[in-house]
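The values are calculated or read from the model by the stated rules, or taken from the named source; none is laboratory data. No experiment lies behind these values; they were computed from the predicted model shown. A quick note on method: Cβ atoms are made from the backbone with ideal geometry, for glycine too, and the neighbour counts reach across all protein chains shown. With ligands, DNA and RNA removed, areas are computed over all heavy atoms of the protein, side chains included. Shrake-Rupley method; radii C 1.70, N 1.55, O 1.52, S 1.80 Å.
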Amino acid sequence: MKRAGAPAGRASAGLVLLHGRGAGAEDILSLLDVLGLPDVAGLAPEALGRSWWPTSFLAPSAEMEPHVARGIKAVRDAVAAFEAEGLARDRIWLAGFSQGACLALEAFAREGAGLAGAFGFSGALVGTADAEGGPQPGLYGHGPKRFDYPAASGKVWLSVHQRDPHIPLQRVEESAEALRRAGAEVGMQVYPGAGHAVMREDLAALRSALNR
């Protein structure tokens with residue numbers, strides 16, 4: 001786990017940042033420099049082999065769940081580290097890109113009670129179990145998932161391109177609806193065309209949230 005930004009005990013907010021496949025903690029922590037918020041504390045766990053899971057997040061739950069559980073533990077440990085250093089839970093945010101976005105959203109949905117919220121840049125929920133139904137074109141040939149989460153509060157931001165090669169728009173729309181049902185305040189940004197990136201609108205939304 002790597003750190004950047006302000007010391008947690010003196011920070012206005014804490015940000016747990018989760019990297020994408022093939023990247024690392026230092027890569028995602030560089031977002032703090034782009035945000036230009038010196039009073040924010042950043043913590044970034046790093047996945048073994050720089051990948052939170054070895055397959056698409058759309059894979060069946062039996063394949064995904066052991067990896068998701070390890071990732072959520074890493075998020076839980078980062079949040080606990082902030083809290084141990086005096087940062088209130090309701091001032092802690094989760095954010096990530098790609099695989100990291102999926103993990104941030106899933107950790108928030110499952111264990112995010114009391115957290116400020118989560119930002120998923122080019123990501124969506126993994127889901128809690130397989131749902132009935134066969135492969136769907138809108139899920140890139142994968143089957144549907146269940147989204148059985150406890151009640152949630154806080155703010156969530158989801159973003160995706162219309163034609164993201166890794167994150168189906170259908171799953172992002174399903175994720176937004178699942179999080180709203182759980183009680184979160186959800187914002188969703190769909191960018192035109194093809195792409196898979198953190199966009200300036202994403203950073204503007206995160207900066208605005210952290211400035212409150």
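Annotations for the structure displayed:
- Among (1) closer than 30 Å to residue 134 by Cα; (2) among the acidic types (Asp, Glu); (3) in contact with a strand residue (DSSP E or B) (Cβ under 7 Å, 6 or more places away or on another chain), the one test that residue 26 misses: (1)
- One residue stands out among those in the range 127-151 that are touching a Lys or Arg at 6+ places or on another chain (Cβ under 9 Å) and among the hydrophobic types (A, V, I, L, M, F, W, C): the one that is farthest from residue 99 (Cα to Cα), which is 131.
- Within the range 123-155, the residues that satisfy the criterion of being crowded, with 24+ Cβ neighbours inside 10 Å and either basic (Lys, Arg) or over 9 Å from the mean Cα position of the chain (by Cα) (or both) are 126, 127, 145, 152.
- Qualifying residue in the range 188-204 (condition: on the phi < 0 side of the Ramachandran plot, open to solvent by 10 Å² or more (accessible area, probe 1.4 Å), part of a loop (DSSP other than H, G, I, E, B) and polar (S, T, N, Q)): no
- Residue in the range 82-89 that is open to solvent by less than 20 Å² (accessible area, probe 1.4 Å), modelled with pLDDT of 95 or more and closer than 22 Å to residue 160 by Cα present: no
- Selected residue [open to solvent by less than 40 Å² (accessible area, probe 1.4 Å) and in a strand (DSSP E or B)] from 96, 71, 100: 96
- Top-ranked residue in the range 1-22 [being assigned to a loop (DSSP other than H, G, I, E, B) and over 15 Å from the mean Cα position of the chain (by Cα); ranked as nearest to residue 100 (Cα to Cα)]: 22
- Any hit, the range 19-31, residues being among the aliphatic types (A, V, I, L, M), in contact (Cβ under 8 Å) with a residue 40 or more places away in the chain and farther than 20 Å from residue 199 by Cα: no
- When the residues of the range 158-178 are filtered to those that are over 15 Å from the mean Cα position of the chain (by Cα) and open to solvent by less than 10 Å² (accessible area, probe 1.4 Å), the one that is nearest to residue 143 (Cα to Cα) is 168.
- Among the residues of the range 104-122, those identified as more than 18 Å from residue 146 (Cβ to Cβ) and within 8 Å of the chain's Cα centre (by Cα) are 104, 118, 119, 120, 121.
- With respect to the conditions (1) under 24 Å from residue 73 (Cα atoms); (2) touching a Ser or Thr at 6+ places or on another chain (Cβ under 8 Å); (3) buried (at least 17 other Cβ atoms within 10 Å of the Cβ), residue 106 lacks only one, and its number is (2).
- Contact map, the range 171-192: residues that are within 18 Å of residue 154 (Cβ to Cβ) and at pLDDT 95 or above paired with residues that are outside any helix (DSSP H, G or I) and open to solvent by 50 Å² or more (accessible area, probe 1.4 Å), Cβ distance under 6 Å, separation 6+ or inter-chain. Pairs shown: 176/188; 182/151; 183/151; 183/153; 185/155.
Residue-wise test of (1) touching a residue at least 60 places away in the same chain (Cβ under 8 Å); (2) over 18 Å from residue 63 (Cα atoms).
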{"site": "81", "(1), (2)": "yes, yes"}
{"site": "97", "(1), (2)": "yes, yes"}
{"site": "109", "(1), (2)": "yes, yes"}
{"site": "128", "(1), (2)": "yes, no"}
{"site": "158", "(1), (2)": "no, yes"}
{"site": "163", "(1), (2)": "no, yes"}
